[in-house]
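Contents: one structure, followed by commentary.
The values are calculated or read from the model by the stated rules, or taken from the named source; none is laboratory data. Keep in mind the model is a prediction, meaning the values are calculated, not measured. Ideal geometry is used to build each Cβ from the backbone, glycine not excepted, and the neighbour counts take in all protein chains shown. Side chains are part of the model used for accessible areas, which takes the heavy atoms of the whole protein and leaves out ligands, DNA and RNA. Shrake-Rupley method; radii C 1.70, N 1.55, O 1.52, S 1.80 Å.
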Amino acid sequence: MAIGLEAAVAAIGAGIAIAGGAIGTGVAQSAIGAAGLGLIAEKPEEMGRVLLFMVIPETLLIFGFVIAILIMLQAGIV
Amino acid sequence: MTLLRTAPMQKVRIISLQSTKYELVKALHNEGVLDVRKSKKEMGDDAPLAHLPRISELLVKFKSAESVLKGKIKINKIKFSEKKHLKLEELIKECEKSDFIPEIFKLSDKERELDEEIASIDDSIKIAEMFRGTGIDFSMIKSDLLKFTAFTIEKRHAQKVREMLEKHKKLNYEIIEKSLGKRTLIFIAYEASDANIVNDVLRDFKIIEIDLSNKLLFGSEEKLSYELGKLREKSLNEKGKVDSELMKIASKELGRIVQLREMLEVEVQRASVSIYFKKTQATFCVEGWVAKKRLAELEGIVKRVTKNRYVFEEISPDEGEMAPTLSTRPKWLASFDYMMEFMSIPRSDEIDPTWIFIFSFPIFYGLMVSDVGYGIASFIFAYLLTKVTDQDGLLYHTAKIWQIAAVAAIFFGLLSDQYFGFQLGPQLGLSHLIVFDWFTNVTSVLLLAIGFGLAQVILGLVFGFFNKMHHKEKKLAFSKITSIIAILTGTIAVAGGLFGMFSGGVTVATAIVTVIAIILTALLSGIEATETLNLITHPLSYARLLGFGMASVIIASLIDKWFTPSLAAGPISFVLTLIVFILLHFFNMILTIFEGIVQSARLNFVEFFSKFFAGGGVKFQPFGYRRKYTREDRD
């Protein structure tokens, strides 16, 4: 399947948007995860709450995803 | 709004005669209507009932006996005859004449001693095995004149130890060595006066010392293992006898012990509750919270038990005291309350968002899973989980919610025409019935997801308005209204400006209103103004419904696309492909279900609740006991 230069650049842009969000999420989750595991080791009953805090930074990835979808919609890829 | 409030509560004070205290406490305990609180009335503090130490001691004994016997026989194997709660004196008498209790403790001690003995024999057997073939006679290690050291060391260092010992000409010693794979066993016998020399030599080596003291080591090593084996068998036989004695007692008496323990627990609660009371010489005073709708019922109980000799007052809460939170939901929805408690209990003076959570959680989960097959599998797994988990535990309640949410997953699966990633619509010529097409209609699903977000965020702000008005914080309340205006007009302005969905005039006008609304919000409340950015980010965050839903559907369809052709390539290929096919779908399903649960909870707890929910309520805990093995007739 051949795609035009504009669509290709848009696809790369969408990829960067997702990657940026994913990296940001990963950095934040590594810190929360480490602290959360420490808490669970002492208070296993806090597992649910830690899990909830753990997923909070995923919003960054979701924003990346939304931007990627918007780019691809504008470029007519999806 | 009544639906969104917890049960209205009333604080009451009951004053009656000391002579009716036990009967009133008993009646309150049986009915479980009053959440007893420490009274602050200016009267003397009451004390626990006089029989508390006696029944507490008995309770400890019965609990210990129960825990010993529960290790022998499963409680669900016991048949309980329904046992009526005994009167206090009869209960104490029956507990005290239970002569099997000391016997249980005696046998339990004996069993523990035998366990220790067997463990010691096992240790000695290990040492005997290490020394096998060395010809050593363990009788000599009891000598007072000689000292003995045994250890293992890395093979390459064994020779060095020997050389170092040989350097000490005055040292009189005997050494035995045995290869143990990568390590060498060394046994040294030397005069007690030379202990320092040997210790100095060994200090430089990494050795694992074998403790020969307090071990059952006797006679020659050839016979030792056999003798120890005999001793072990004897101890095991004895333990078997003790065990069977305990089993016999368990099958005969455990039911009775459990019932007596339950009665004792009830009596201990009743005897100790009076630490919350106040008293005079002739009267006592109880305070607590009761649901308003049971107020008359409570007064009726007091009236009946005290034979009309009482004072019943509706009183105001103490300064800073908050009414407890009592949920009014049906029992089958109790798991949602459990989940809310897990986050934070709603305060009795704020809107209880649990009903919204009950509806939105399954919708979000359903949208993210959106597959009939995964939905049915979720339902079955959740059902099985409820059967094998403890009914008071987190897993049980999660499974209950999961079961309800699975129905939504089936519903959205039907709307999306997804059956383990397959689409049946095109084959059956029913494509026009597909409502959500995750492959071709991304924009619609994205708009729907953000639409859910906008609706929930606005609803949160509306709740926030009512909460603030309830607390007479008018400025903060109106800042919620200006936030709602900002979010509504801002959405129209963005839709018009970025996507051309509205005319230029509408776009500009709504943009101006948005700016004014934000400025007004900032003027009304600094805190609310800091939330302005969240008015954009929180609805956008609901795009995860599309993200996770799309990921699940696409992975499922890819699995089908890759493996379906191999199913027709012969019987062996069919079996192998089917296994991989099931494993991959199972993996995708677990991932989807996990994300579905966590993300649905998160959207509610973070994006929605942050708009209005304070939490930190105190759960209504009525004075009472949930009996399992006994019953008590109400007078």
Original post:
Looking at region B:74-98, which of its residues are among the hydrophobic types (A, V, I, L, M, F, W, C), within 15 Å of B:Glu267 (Cα to Cα) and assigned to a helix (DSSP H, G or I)?
Top reply: B:Leu88, B:Leu91, B:Ile92, B:Cys95
**OP:** Looking only at region A:10-29, decide whether some residue is open to solvent by 70 Å² or more (accessible area, probe 1.4 Å), within 13 Å of another protein chain (Cβ to nearest Cβ) and within 24 Å of B:Ala495 (Cα to Cα).
**Re:** no
**OP:** Please list, ordered by first then second residue, the pairs with beta carbon atoms under 6 Å, 6 or more apart or interchain, first in region B:326-351 and in contact (Cβ under 8 Å) with a residue 24 or more places away in the chain and closer than 21 Å to B:Pro622 by Cβ, second among the charged types (D, E, K, R) and assigned to a loop (DSSP other than H, G, I, E, B).
**Re:** B:Pro346/B:Asp352
**OP:** Report, by residue number, each residue of region B:585-615 that is loosely packed, with under 13 Cβ neighbours inside 10 Å and within 14 Å of another protein chain (Cβ to nearest Cβ).
**Re:** B:Phe594
Original post:
If the Cβ limit is 6 Å and pairs must be 6+ apart or interchain, which residue in region A:39-60 that is of a type in the set (S, T, N, Q) pairs with which residue that is surrounded by 16 or more Cβ atoms within 10 Å (Cβ to Cβ)?
Top reply: A:Thr59/B:Ser541
**OP:** Tally the residues that are of a type in the set (S, T, N, Q) and either part of a strand (DSSP E or B) or within 17 Å of B:Glu209 (Cβ to Cβ) (or both), restricting the search to region B:135-192.
**Re:** 4
Subject >> Output for region A:41-58, where each listed residue is open to solvent by less than 40 Å² (accessible area, probe 1.4 Å) and not acidic (Asp, Glu) >> reply: A:Gly48, A:Val50, A:Leu52, A:Val55, A:Pro57
Subject >> Within region A:62-77, considering residues that are open to solvent by 30 Å² or more (accessible area, probe 1.4 Å) and more than 8 Å from every other protein chain (Cβ to nearest Cβ), the one nearest to the chain's Cα centre (by Cα) >> reply: A:Ile67
**OP:** Could you please give the count of residues in region B:497-507 that are at pLDDT 90 or above and surrounded by 13 or more Cβ atoms within 10 Å (Cβ to Cβ)?
**Re:** 2
**OP:** Determine, yes or no, whether B:Ile527 is more than 14 Å from chain A (Cβ to nearest Cβ), within 26 Å of B:Asn441 (Cβ to Cβ), in contact with a Leu (Cβ under 9 Å, 6 or more places away or on another chain) and open to solvent by 30 Å² or more (accessible area, probe 1.4 Å).
**Re:** no
**OP:** Would you point out the residue of region A:42-61, among those that are assigned to a helix (DSSP H, G or I) and among the charged types (D, E, K, R), that is farthest from the other protein chains (Cβ to nearest Cβ)?
**Re:** A:Glu42
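To keep it simple, each residue is scored yes or no on (1) closer than 29 Å to B:Gly500 by Cα; (2) within 14 Å of chain A (Cβ to nearest Cβ); (3) open to solvent by 50 Å² or more (accessible area, probe 1.4 Å).
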{"residue": "B:Ala511", "(1), (2), (3)": "yes, no, no"}
{"residue": "B:Ala517", "(1), (2), (3)": "yes, no, no"}
{"residue": "B:Pro539", "(1), (2), (3)": "yes, yes, no"}
{"residue": "B:Ile554", "(1), (2), (3)": "no, yes, yes"}
{"residue": "B:Ala569", "(1), (2), (3)": "no, no, yes"}
{"residue": "B:Val580", "(1), (2), (3)": "no, no, yes"}
{"residue": "B:Leu583", "(1), (2), (3)": "no, no, yes"}
Subject >> Residue in region B:368-380 that is nearest to the chain's Cα centre (by Cα), counting only those that are surrounded by fewer than 24 Cβ atoms within 10 Å (Cβ to Cβ) and either within 22 Å of B:Arg602 (Cα to Cα) or in contact (Cβ under 8 Å) with a residue 12 or more places away in the chain (or both) >> reply: B:Phe379
**OP:** Might you check whether a residue that is in contact with a Gly (Cβ under 9 Å, 6 or more places away or on another chain), in contact (Cβ under 8 Å) with a residue 60 or more places away in the chain and of a type in the set (Asp, Glu) occurs anywhere in region B:94-117?
**Re:** no
